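Q: I'd like to ask some things about the structure below.
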Amino acid sequence: MKDGVILINNSRGRLVVERDLADALNSGKVYAAGLDVVSTELIRSDNPLLKAKNCILTPHISWVAKEARQRIMDITVEIIRAFINNTPVYVVIQKADLIRNLQREQHLN
């Protein structure tokens, strides 16, 4: 590999030997690294990449576009508002209760 490369990994953390990458970053063999994944998530405090030069780590969110994150937040707000207004959108029901309710509806029809 040429000196001064930039490494990007947002697929699988175990594709990279983290100690070797940290050494390469600190020596300048690898100019920079952008990683969205590490070998163990949550990242361990002794991971050598945490102290490596020119290493940017993100919390495994490269798959999430800004618009997708906004949509998740909007939906969450709607669900919470509905719950506060006593009109919940999602209700967890026990399987036995569901069967009884369905049987009751069938008898009414």
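We did not get these values from a lab; they are worked out from the coordinates using the rules stated. It should be emphasised that the depicted structure is a prediction, and the values quoted were computed from it without experimental measurement. Backbone-built Cβ (ideal geometry, glycine too); neighbour counts: all protein chains shown.
Q: Can you list the residues, at least 5 places off or on another chain, whose amide H is less than 5 Å from the amide H of Val38, using H built in the peptide plane?
A: Gly13
Q: Sticking with this structure for a sec: Determine ³J(HN,Hα), in whole Hz, for all residues of segment 75-83 in sequence, where each value follows from phi through the Karplus function 6.51 cos²θ - 1.76 cosθ + 1.60 and θ = phi - 60°; x replaces Gly and Pro.
A: Computed from phi, the couplings for segment 75-83 are 5, 4, 4, 4, 5, 5, 4, 4, 5 Hz.
Q: Cross-link partners among lysines for Lys2, C-alpha distance below 28 Å, same-chain residues fewer than 8 apart left out?
A: Candidates past the 8-residue exclusion: Lys29, Lys51, Lys53.
Q: Given Cα pairs under 8 Å that are at least 6 residues apart, what percent is the relative contact order of the chain?
A: Values: 107 pairs, mean separation 23.6, N = 109.
With pairs under 8 Å counted, the relative contact order is 22 percent.
Q: Applying the Karplus parametrisation 6.51 cos²θ - 1.76 cosθ + 1.60 with θ = phi - 60° to the phi angles of segment 46-57, what ³J(HN,Hα) value in whole Hz is obtained for each residue in order, glycine and proline being reported as x?
A: Whole-Hz 3J(HN,Hα) from phi for segment 46-57: 9, 5, x, 5, 5, 10, 6, 6, 6, 10, 10, 10.
Q: Another question, if that's okay. For the chain, find the longest principal axis of its Cα atoms and tell me its angle to the long axis of helix 18-27, 0 to 90°, nearest 10.
A: 40 degrees
Q: Could you work out [θ]222 nm for the chain from helices alone, using -39500 (n - 2.57) per DSSP H run of at least four and dividing by all its residues? Round to the nearest 500 deg cm²/dmol. Could you put the intermediate results ahead of the total?
A: Working: 3 runs with 43 residues, N = 109.
One gets -13000 deg cm²/dmol as the mean residue ellipticity at 222 nm.
Q: Would you please put 62-75, 11-24, 91-104 in order of how densely packed they are, using the mean number of other Cβ atoms within 10 angstrom per residue and starting with the highest? Display every interim value, and only then the final one.
A: Values: 62-75: 10.2, 11-24: 15.1, 91-104: 8.7.
Per-residue Cβ counts within 10 Å, averaged per peptide and sorted highest first, yield 11-24, 62-75, 91-104.
Q: Sequence-distant or interchain residues sharing an amide H contact under 5 Å with Leu7, placed H: which?
A: Counting only residues 5 or more places away or on other chains, the set is Ala32, Ala33, Gly34.
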